[in-house]
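To start, the structure under review is shown below, and the notes come after it.
The values are calculated or read from the model by the stated rules, or taken from the named source; none is laboratory data. Predicted, not measured: the structure shown is a model, and the values here were computed from it. Don't worry about glycine lacking a Cβ; one is built from the backbone with ideal geometry, like all the others, and counts go over all protein chains shown. Surface areas here come from the heavy atoms of the whole protein model, side chains and all, with no ligands, DNA or RNA. Shrake-Rupley method; radii C 1.70, N 1.55, O 1.52, S 1.80 Å.
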Amino acid sequence: MSTILIIEDEARIAEFIAKGLKSAGFTTHATSSGIEGAALATHGNFDLVILDVGLPDIDGFQVLEQVRGQGVKVPVIMLTARSSVTDTVAGLQGGADDYMAKPFSFEELLARVQLRLRAEQASGAAENGVVLRHGGLTLDLRTRRAEVDGRSIDLSAREFTLAETFLRNPGQVLSREQLLSNVWGYDFEPGSNVVDVYVRYLRRKLGSERFETVRGMGYRLV
């Protein structure tokens, strides 16, 4: 499950973002302090940081400078009430991955969060020879080999593609419709329970505790 750090001093905005991200399947941690946020982003295990520019102690640009100065490459999306080109350029040149002006819609923020996380996962896969890893699961996309805690597992072509979809979106709730579209394309009957059947196959082969059912929504890799 992806964990997101929110560094925002306006409690209403921080709660708004945290609530939306939790509903989308993310884990969140929030702080209103730039100094604390810089320490958490540098030493914590976060997958992405949402960073406000206008903080009460040190501003977001200083937080970003400290984080990048320590060699930490965690994706950072900056938020600001300022919308000038100068501030946008300063944020991006300082190492931010994206920049959003307030007010913003949560749907747009969520789309940008998901985009940055997908890009990070794709980058990690490329750096590791197109190998996806999560929680003891390993998929080699070139050899089509699967492993659980170092033990080789035989997967059918459909099982492998379904497992790949989960590993590309760890912690994210994936609806049955999304999984049908990604794995089966148009080669399925509407209302088919094929997703549930294949999730059972993956649970049997890769571990039942890894695939969580989210009632009324779908499944996620935990």
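Does Gly34 fit the bill of being at pLDDT 90 or above and over 18 Å from the mean Cα position of the chain (by Cα)? In short, yes. The residues in the stretch 50-71 that are closer than 19 Å to Lys102 by Cα, acidic (Asp, Glu) and not in a strand (DSSP E or B) can be counted, and the count is 1. Taking the criterion of being in a strand (DSSP E or B), among the polar types (S, T, N, Q) and under 17 Å from Asp59 (Cβ atoms), the only residue of the stretch 5-49 that qualifies is Thr31.
Of everything in the stretch 18-50 that's among the β-branched types (Val, Ile, Thr) and out of contact with any helix residue (DSSP H, G or I) (no Cβ under 7 Å at 6 or more places or on another chain), which residue is most open to solvent (accessible area, probe 1.4 Å)? Can you show your working first?
If we filter the stretch 18-50 for residues that are among the β-branched types (Val, Ile, Thr), which is where we start, we get 27-28, 31, 35, 42, 49-50.
Keeping just the survivors that are out of contact with any helix residue (DSSP H, G or I) (no Cβ under 7 Å at 6 or more places or on another chain) gives 27, 35.
Details: Thr27: 55, Ile35: 101 Å².
Among residues in the stretch 18-50 that are among the β-branched types (Val, Ile, Thr) and out of contact with any helix residue (DSSP H, G or I) (no Cβ under 7 Å at 6 or more places or on another chain), the one most open to solvent (accessible area, probe 1.4 Å) is Ile35.
For residues that are over 13 Å from Asn182 (Cβ atoms) and within 22 Å of the chain's Cα centre (by Cα), scanning just the stretch 149-171, find the one that is least open to solvent (accessible area, probe 1.4 Å). Before you say what the answer is, go through the steps one by one.
Residues of the stretch 149-171 over 13 Å from Asn182 (Cβ atoms): 149-157, 159, 170-171.
Within this subset, residues satisfying the condition of being within 22 Å of the chain's Cα centre (by Cα) are 170-171.
Numbers: Pro170: 17, Gly171: 0 Å².
Within the stretch 149-171, the match that is least open to solvent (accessible area, probe 1.4 Å) is Gly171.
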